[in-house]
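Sharing a structure with you now.
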Amino acid sequence: MKKLCVSIVALIAGLSILSAQTGTVAGKVVEAESGFEVIGGSILVVGTDFGTVTDLDGTYKLDLAPGTYTLEFSYVGFASQQFNDVVVSANNLTSLDVQLAEETINLDVDITVKARSVKNTETALLTIQRKAPVVLDGISSAQISKSGDSDVASAVRRVTGVTVEGGKYVYVRGLGDRYSKTTLNAAEVPGLDPNRNTVQMDLFPTNLIDNILVYKTFSPNLPGDFTG
């Protein structure tokens, strides 16, 4: 009986050591021309069925066993890229940021076809919502143009669960301003009022906005202080 117990303990310890022997490859994928984040881009470990996709900020993360890999990055309308000899070591982070260039197709009749992702339509917004790992809502610039709203504060009040105080301060699901955080292209926007944690949204004209996204649950890609 003692031998059996010792064997079980040794097996568990061995499995714990093996599970810890992984490394991480992480980075961000953007469009080479515009610098916009590539949302839903594919990252594949060549020679395997293992891979992942980029999140709403274009970032990705792969946990792999130590070794040397070839990674392929692809997205519809963009030329795929392969990176050879990507070294992964145990308990270490390997950073790999990627820029994808738009794919140009040259035909025999000398016609050049270029594809570009569009993020300001209702369809694009629905795609973002469908792929999001958290609960979010929003409004696209196409919808805003139909409503005629001239600033973000006027437009965002049309999102379910959002209220606007004083024509400029936005609250989600009735929570106070300490639970709000505003970002523009993934960069935090500071407020002008020292007594509030929210931004005066009437300062932003809607003709500069592709879409407005409202996160209604915790999200790991947002700053830690967005909950107050």
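Values quoted throughout were computed directly from the atomic coordinates according to the rules given, and no laboratory measurement underlies them. This is a predicted model, so every value here is computed, not measured. Please note: Cβ atoms are built from the backbone with ideal geometry, for glycine as well, and neighbour counts cover all protein chains shown.
Can you tell me, using C-alpha contacts under 8 Å and at least 6 residues apart, the relative contact order of segment 122-227 as a whole percent?
Relative contact order here is 34 percent.
What net charge do the residues around Val88 carry, taking every other residue with its C-beta under 14 Å from that of Val88, with Lys and Arg at +1 and Asp and Glu at -1?
Within the 14 Å Cβ shell, the charges total -1.
Based on the mean of other Cβ atoms within 10 Å per residue, sort peptides 144-154, 186-196 so the most packed one is first.
Averaged packing, sorted descending, gives the order 144-154, 186-196.
If you don't mind, another one. What ranking, highest mean first, results for peptides 79-87, 201-209 when packing means the other Cβ atoms within 10 Å averaged over each residue?
201-209, 79-87
Place a +1 charge on the Cβ of each Lys and Arg in segment 23-114 and a -1 charge on the Cβ of each Asp and Glu, then give the dipole magnitude about the Cα centre in debye, rounded to the nearest 20.
It comes to approximately 300 debye.
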